[in-house]
Every structure is written in structure tokens, then in C-alpha cells.
Amino acid sequence: MKRSLTALALLVAAAAGGLTWYLHDKQPQRDGELVLSELHAPVTVNYDELGVPHIRAENEADLYRALGYVHAQDRLFQMELLRRLARGELAEVLGEKLVPTDRLFRTLELGRHADTYATRLDADSPSVQALQNYLDGINQYQASRPLPVEFDLLGIEPRPFTVADTLSVAGYMAYSFAAALRTEPLMSHVRDSLGADYLKVFDLDWHPDGVVGSALSAGDWKDLSALAQLSDTALADSGLPQFEGSNAWAVSGSRTASGKPLLAGDPHIRFSLPAVWYEAHLQAPGYELYGYHHALIPSAMLGHNRDFAWSLTMFQNDDLDLIAERVNPDNPNQVWYLGRWVDLEQRTEAIQVKNAAPVQLTLRRSPHGPIINDALGQTSGSTPIAMWWAFLETDNPILDAFYQLNRANTLDKARAAAEKIEAPGLNVVWANAAGDIGWWAAAKLPLRPAGVNPTFILDGASVEADKLGYHPFSANPQEENPARGYIVSANYQPVPASGIEIPGYYNLPDRGQRLNQRLSDASVKWDLHNSQALQLDTGTDYPMRVLTPILDELRAAAQGEQEHAMVQALADWNGEHPLDSVSATLFNQLLYQLAHEAMADELGDAFFDSLLQSRVLDVALPRLTADATSPWWHRQGGSGEETRAQIVADAWRASLAHLREQFGDDPAAWQWGRAHTLTHTHPLGQQQPLAWLLNAGPYAAPGSHEVPNNLSHKIGPAPWQVVYGPSTRRLVDLADANTALGSNPVGQSGVPFDPHYADQAAGHVLGVYRPQHLSEADVTANSQGTLRLLPR
């Protein structure tokens, strides 16, 4: 027995040693020397205490080649998964459950568009040269170093990354912004199935011109509901970042303690592991930038140096229209367009599926765009729904835009760079050390015929479905050096000086109003310290907008001293969401229950779930509680005499029952930090034991939906999983950019078991900032390793 136990121990030790060696071989190399082909001179990469590379090269070609190499060291699997998602190739490595997602992205034509667009790029332009050198660095890493453990687990065969892959990923980014596919079917269903009176809570101007009337069948509505769900699920289940919102502001030197402009930014993106941004400090003769890079894109999308800084928020303009085509009754492959029947374009593609036969697709396109319900495969309805999308229709030189923005040290240069961003729509908030601040809502805004409301599905047989051109960039919302001394952007609907209407799926104004209220206080001199407090603010006036009209009904519904005390606590609550708040938990459960009791019976399960995923619900709930005569208060199939008081009472009782079931009978235990948590999920961390090995969390999370510290969850029953929030928090005082502060939601590395895989996760959720080293002295003092890349 002793010999057997000894043998077993030796086997276990050998296995453990082999596993340790295997995992060690997968880790990034951050010290020593490596040889790269095509380098013109040695490149030095100093890694700081958080794994951020500080890259110094003798020329830009070497700089971007080195960036590609070190980016791949930390994020190669993220790059691989993103290009596969964008091009509809996930099922090849993840199996048949990803076929619906692949079918959706093939239907969106991202890969097809990217392949065509890549052939039109000017290979000699600086931005394309930067991209080619960056991709060469990625491909050299992939060809010469051990592949990530995820490649081994999934059996991924590496192939070179291409310009078309980068353009496909840019398309995925644009699509993740687009809310129309998840909202327009819902709003059209409400109007056509329930009636215009039911639209009032959504604050929509209802224009019947140019929209589909009663032509859609029950099968068509079933398809549209399925499309809305597929669109959300494809983004949510991929484990990859989706762009959701953001805060950014710039304060002039007249309003800061230092006398120079201060920039703050925290883009709100669906949390993922690894995080969306890859930080890198780049230096070459005549160029320096501390930037935040997206996978497969060489130019930083956020950044700063000693001369200027910028951040982004979502514009949230509606640049995607769904269009119901009229089919020729004598030929199902023809639709009516501009007074005649025209053929639908058709093509076939095959989705490769792991351990299964390929899935053949037939995809169609009308003159308005791809037929989006082909994403469902077998459909229930007979009406083709086309998708007109600005991303597919404009020149969109976005690579050149960000290459120039990385070098834009004057208002004129920043404005010119922003003008090149056509889709998706982005707000660029910018400041420089010379004292200027600026904001440009960057997008190519389509001219739609008068009276057309693109919130609804449009009629393809009418000219109202077509576009008359585009507004000039000068008509977009924008400001430069406003007299009030600050600019704030927080995804609310902007009002352009030109007076043009800009349809969109904007966030509530509450978050922007909260920021504006603080920033408008002329007695405050802004610095890094009080700017942190503003970014970490967990309050909003939204709860009172929902609760005030129904407080009397809640008091009437409360039973006993304890429940009356809870209602009074809600009435007295300041709307803040710290970890120890009980009112925050009670309010968020009640918010869901009000929506469910009032709206689920009219919408049905599928469309109600779509409503929970949409921004229009945020607008609807305070308008609903304020209107005691709204038809939503009547139960479908009921007597028609139900009142707001009855529904509020039912919501109150259901909220308490659910919270008691989840957290116990004592309301003191219903603290927000117990109910509201954040887990960063790796794409393979959907089940055990990989969840335990690869995910980070859960962490108790302050903040909430549509507060400045926008650690946001889906409206639904407790407990709540934080879905998206600040993908970084940045503060740059241009009096001394060496003092800039930032944060990363998880860690710099995407390599499991790397020390920098999740070393910032616990601090980020609680609002910990750390310095972003820019000066040579700081970089040297905080260097934890030096990697030298040498020419071959």
C-alpha cells in the first residue's frame, strides 16, 4: 500500500508539474529579448506594476508592429473571438448552439462589407500603414509563440489576421451601439396591436406617414419578436464587450483649480473578461500617446498626452431603419420599389459547425438593405424586413478618423478628425493644454422625408422608406469653448444649434442633469479629487419621479408598522445607491414589479422581455406612474375597470414577497451590496469548473442604472447582476498630464492565471483609481520588467 500511495503521489506531482509548466508556457513574456522580423531598429517595452506596456520605438512602423505583438501577448483569444463573432464564425469552434448568432451576423453583412471595403482602402495612407504594421505584429506573435490555452481547449487552428478582420470588428462595434433592431419591432407592435394610446408613455411623436399599418401578419410579429430577442441574446451571450452609454465632461481652465482644462471620461460598456480596453503608452519621434486600444484596432479610441486629451460617449442617434417590403403576389422573390417590381439579390453561404454538418444559408437583399428576418432561418411570417444601416451605406473612414484624433492637438484638427466618424454615432469630448475644450456629435445623419418616424417599421413600398441624403457635419450638435466653462455628455438627446431633428434611442436625461447640476456650480474649482467624487456619485432623481405620484397608493397598500416604515423610507430616500442601502433594493424590485404588473399582460412574454432590454422602458415608467388614466393600468382580459391603485398594491405585495424569499424576512438584510453584484465572465466561463477558474467575482457593487456611477443591471427581479458600467474611469488635468488617473475593470491581461488577469477587479468596482505613468521618470520608477524587441 505504501508503494501504491508513493506511486500515486508521484503521478499527482508529475501531473501538477506538467500543468504548471504548460500554463507557465502560455504566459506573456515581459522581460528579456525577442526577435521580430521587419523591425528597423530595436524597440523597448517597459511594463509597469499593472502590466501596462510603455513602448518606445525609433519610428511609427516599428511602434505599431510592437504594439500588435504585445497586444497579442495579452489578448489574442479576445481578438480571435471578436473576429469570429463579427464574421459569423463562432459555431466553427463553439458548436451548433452558436449557429443562430452566426446566422444573425452573416445576415448583417459585416464580413461581406469588410471584404469589399478592404479592397478600397488606400494602402499608402498613414492609417492603413499603421494597421498593416500592427497586424503584422499580431501575426508574428501568433506564428512564433505558444497559443492561448483557450485555443487548445477549443481546437482553434490559427490563421493570419487581416485588414478585413479589423473592419469586421469595427462593424461589430457599430452594431453593438444600434438599438433599433431591439426596439423598433416592439414599438411597432405596441402601436399596431394595442393602439396609439398605449404609445403615450413612451413619449413618442406618432406619425402614421411612411410606416407599416396592418399589413404584418401574426407570423410576422412572431418573427420580429424573435429577431429582437436574438439580437440581444447574441450580444449578451457572446461574453464580448457591447457598447451601452457613457459619461464625459471637459472643464475650462477658468473653472479648475489648476487653471488648465480637465477632462473626465468613463465609457459604459458591457463587462467582459478580458476587459474591452488595452492600455498602452506609445512613443516615437514626434509622437506620444497614452491610449486605450480596442482589439484589432491600432489607433487608440481614448487617450491623452501632455498636450491634449479626449473621451467618447455614444451619440445614440438612430442610424438603422427596419423596412417591411411589399412582395409580388406572383413572384415571392420580387418586392415593390420606386414604382416597379425588382428582384431580391440572393446568395448562399455555409456556416461551419464543430462536430456537425455545415449549415447552409440563403441570404437576401432588397434595394433598402439585407433582409434581416433571414437571420431566423425558418420564419413564421411572409413579409421580408430589410435593414437600412448607415454603417453599410456610408464611406465611413473611421480608421483614418482615429489615427488623426490620436494626433489632434488643436480644435481644428480634432474637429476634422471627428467629421470622419460616420457610423456609429459618437460624441467626442476633447480638451487641450492651450485652454480649448470642444464637443462634436460625430455621425453621418440621414435626411428622412418629413413626417417619417423611424421608431417604427417603415413601408418599403413608399418613398418615405428612402433617404434624401445626409445632413452636413456642420448641422450636427457641437460646441467649442462655451461661455459657461464646461461641456458634459451623457447620452441624453442633444439639441443642435441648426435645429434639425435627430431621431435616436437616447438615455434618460437624469444622469446628465445630475452631472450638469454639479458642474454648473460656479463656486467649485474642479480638480482630480472632486472629479473622482462626481464620477463615483451613486444618486439620481429618477426614483422620486417614479415614486412621488404613487406614494399615497403605496401607503394604502402597506400593511402593518414595518411596511409603513418602508414606504416612508422610500419617500425620504435621496435616490443614492451605496452598498448598505435597503431603499435601493426595495425600489429596484418595485420598479420591475410595476412594469410587470402593468405591461406584461398586454405585451406577452417575448415582447415584455424585449421591453426589459430597451431604453424606452426607462422613459415609460415615470410617465406611467404619473398618469392614473393610462390604459396600461387595465389588465388584459380583465374587467377593464382596474385602477392604478390596484396595480400598485399588487406590485407592492409581489415585491415584498420576492425580497423575503430571496433575502429573508428582516428588511435590514436587504442591503444593496447583497442584492447587486458584479461578476466578470470569461467567454468560456458559462459553467463549472471553468466558471470557477476563469471568472472574476462576484463583487458587491454600488451604483445603479442611470446614475453617474452607472454600474447598471437589467430591470428585473432581485438579485441583480451588473451588466455594464464604466469600462475605465479617466481623469486628466492638462496642467500636468503626468498626474492622470485611470482604472481598468478587471486587469490588463486576458491570459488566465497571469498576475494581471484580474488584479484591478476588486478595486475598480469600489472606485479605486491609479496613476497612469507618462513621464520617463515615472515609467522607469514603476517598471517591473523590460522587454526588448530586436530586428532579425
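The values are calculated or read from the model by the stated rules, or taken from the named source; none is laboratory data. Just so you know, these numbers come straight off a predicted model, no measurement behind them. Neighbour counts run over all protein chains shown; Cβ positions are idealised from the backbone, glycine included.
Test Leu50 against the stated conditions and say whether it is modelled with pLDDT of 95 or more, within 28 Å of the chain's Cα centre (by Cα) and surrounded by fewer than 24 Cβ atoms within 10 Å (Cβ to Cβ).
Against the criterion (modelled with pLDDT of 95 or more, within 28 Å of the chain's Cα centre (by Cα) and surrounded by fewer than 24 Cβ atoms within 10 Å (Cβ to Cβ)), Leu50 qualifies.
So, of the residues in segment 737-767 that are closer than 17 Å to His268 by Cα and of a type in the set (Val, Ile, Thr), which turns out to be surrounded by the most Cβ atoms within 10 Å (Cβ to Cβ)?
Val765
Can you name the number of the only condition in (1) without any contact (Cβ under 8 Å) to a residue 24 or more places away in the chain; (2) within 30 Å of Phe473 (Cβ to Cβ) that Gln360 fails?
With respect to (1) without any contact (Cβ under 8 Å) to a residue 24 or more places away in the chain; (2) within 30 Å of Phe473 (Cβ to Cβ), Gln360 is out only on (2).
Report the residue count in segment 432-474 for those that are more than 26 Å from the chain's Cα centre (by Cα) and outside any loop (DSSP other than H, G, I, E, B).
Here the count works out to 7.
Among what's in segment 629-655 and is of a type outside the set (S, T, N, Q) and part of a loop (DSSP other than H, G, I, E, B), pick the residue that is farthest from Ala557 (Cα to Cα).
Gly637
Of the residues Ser749, Ser783, only one is farther than 25 Å from Thr540 by Cβ and either in contact with a Gly (Cβ under 6 Å, 6 or more places away or on another chain) or modelled with pLDDT under 95 (or both); which?
Answer to the check: Ser749.
Identify the single condition in (1) in contact with a helix residue (DSSP H, G or I) (Cβ under 9 Å, 6 or more places away or on another chain); (2) part of a strand (DSSP E or B) that Asn355 does not satisfy, given that it satisfies every other one.
(2)
Given the conditions (1) in the same structural domain as Pro578 (by TED's automatic domain parsing); (2) out of contact with any strand residue (DSSP E or B) (no Cβ under 8 Å at 6 or more places or on another chain); (3) not hydroxyl-bearing (Ser, Thr, Tyr), which single one is not true for Asp736?
Result: Asp736 passes all but (1).
Kindly list, by first and then second residue, each pair from a residue in segment 157-177 that is at negative phi and assigned to a helix (DSSP H, G or I) to a residue that is modelled with pLDDT under 90 and crowded, with 24+ Cβ neighbours inside 10 Å, limited to pairs with Cβ atoms under 7 Å and residues at least 6 apart or on different chains.
Cβ pairs passing all conditions: Met173/Phe243; Ser176/Phe243; Phe177/Phe243.
Here is a check on your reading of the model: is Pro370 surrounded by fewer than 18 Cβ atoms within 10 Å (Cβ to Cβ) and modelled with pLDDT of 95 or more? Please lay out each step first, then the result.
On the way: surrounded by fewer than 18 Cβ atoms within 10 Å (Cβ to Cβ): no; modelled with pLDDT of 95 or more: yes.
So Pro370 does not fit the description; no.
State which residue is surrounded by the fewest Cβ atoms within 10 Å (Cβ to Cβ) when the search covers only segment 636-662 and only residues that are in contact (Cβ under 8 Å) with a residue 60 or more places away in the chain and among the hydrophobic types (A, V, I, L, M, F, W, C).
Here the answer is Ala645.
Just a yes or no: is a residue in segment 24-34 modelled with pLDDT under 95 and either among the charged types (D, E, K, R) or on the phi > 0 side of the Ramachandran plot (or both)?
Within segment 24-34 (the criterion being modelled with pLDDT under 95 and either among the charged types (D, E, K, R) or on the phi > 0 side of the Ramachandran plot (or both)), the answer is yes, since at least one residue qualifies.
Return yes or no: is His71 touching a Phe, Trp or Tyr at 6+ places or on another chain (Cβ under 6 Å), crowded, with 23+ Cβ neighbours inside 10 Å and either touching a residue at least 12 places away in the same chain (Cβ under 8 Å) or not assigned by TED's automatic domain parsing to the domain that holds Tyr403 (or both)?
Yes: the conditions hold for His71.
What number of residues within segment 412-421 are under 14 Å from Asp395 (Cβ atoms) and crowded, with 24+ Cβ neighbours inside 10 Å?
1
What helices (runs of 4 or more DSSP H) completely inside segment 528-596 contain at least 1 residues that are among the polar types (S, T, N, Q)?
528-535, 560-572
So which pairs qualify, if the first residue must be in segment 90-105 and free of Cβ contacts under 8 Å to residues at least 12 places away in the same chain, the second must be in a helix (DSSP H, G or I), the Cβ gap must be under 7 Å, and the two must be at least 6 apart or on different chains?
Leu98/Ala91
Got a number for residues in segment 704-757 being more than 30 Å from Leu23 (Cα to Cα) and more than 20 Å from the chain's Cα centre (by Cα)?
Residues flagged as more than 30 Å from Leu23 (Cα to Cα) and more than 20 Å from the chain's Cα centre (by Cα) within segment 704-757 amount to 14.
Tell me the residue from Ser258, Ser311 that is small (Gly, Ala, Ser), touching a Pro at 6+ places or on another chain (Cβ under 9 Å) and either modelled with pLDDT under 95 or within 16 Å of Ile437 (Cβ to Cβ) (or both), please.
Residue meeting the stated conditions: Ser311.
Residue-by-condition table, conditions (1) surrounded by 20 or more Cβ atoms within 10 Å (Cβ to Cβ); (2) touching a Ser or Thr at 6+ places or on another chain (Cβ under 9 Å):
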{"position": "Trp439", "(1), (2)": "yes, yes"}
{"position": "Ala442", "(1), (2)": "yes, no"}
{"position": "Arg448", "(1), (2)": "yes, no"}
{"position": "Pro454", "(1), (2)": "yes, no"}
{"position": "Leu468", "(1), (2)": "no, no"}
{"position": "Asn476", "(1), (2)": "yes, yes"}
{"position": "Gln493", "(1), (2)": "no, no"}
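Answer yes if at least one residue in segment 606-628 is within 16 Å of Glu553 (Cβ to Cβ), in a loop (DSSP other than H, G, I, E, B) and either touching a residue at least 24 places away in the same chain (Cβ under 8 Å) or more than 25 Å from the chain's Cα centre (by Cα) (or both), and no otherwise.
Yes, because at least one residue in segment 606-628 is within 16 Å of Glu553 (Cβ to Cβ), in a loop (DSSP other than H, G, I, E, B) and either touching a residue at least 24 places away in the same chain (Cβ under 8 Å) or more than 25 Å from the chain's Cα centre (by Cα) (or both).
Taking the condition of being of a type outside the set (S, T, N, Q) and either under 24 Å from Tyr470 (Cβ atoms) or surrounded by fewer than 16 Cβ atoms within 10 Å (Cβ to Cβ) (or both), how many residues in segment 500-522 meet it?
Total satisfying the criteria: 9.
Looking at (1) touching a strand residue (DSSP E or B) at 6+ places or on another chain (Cβ under 6 Å); (2) part of a loop (DSSP other than H, G, I, E, B); (3) surrounded by fewer than 24 Cβ atoms within 10 Å (Cβ to Cβ), find the lone condition where Arg306 falls short.
Exception for Arg306: condition (1).
Looking at Ala41, Ala123, Ala114, can you tell me which residue is part of a helix (DSSP H, G or I) and either more than 26 Å from Gln760 (Cα to Cα) or not aliphatic (A, V, I, L, M) (or both)?
Testing whether each residue is part of a helix (DSSP H, G or I) and either more than 26 Å from Gln760 (Cα to Cα) or not aliphatic (A, V, I, L, M) (or both) leaves just Ala114.
Can you tell me which residue among Pro771, Pro791 is within 21 Å of Ala257 (Cα to Cα) and touching a strand residue (DSSP E or B) at 6+ places or on another chain (Cβ under 9 Å)? Please lay out each step first, then the result.
Numbers: Pro791 fails: within 21 Å of Ala257 (Cα to Cα).
Testing whether each residue is within 21 Å of Ala257 (Cα to Cα) and touching a strand residue (DSSP E or B) at 6+ places or on another chain (Cβ under 9 Å) leaves just Pro771.
Give segment 48-83 a look and list any residue that's touching a Ser or Thr at 6+ places or on another chain (Cβ under 7 Å) and not charged (D, E, K, R), or say none.
The one that is touching a Ser or Thr at 6+ places or on another chain (Cβ under 7 Å) and not charged (D, E, K, R): Gly51.
So, in segment 523-565, of the ones that are closer than 30 Å to Val732 by Cβ and in contact with a Ser or Thr (Cβ under 8 Å, 6 or more places away or on another chain), which residue ends up surrounded by the fewest Cβ atoms within 10 Å (Cβ to Cβ)?
Result: Lys525.
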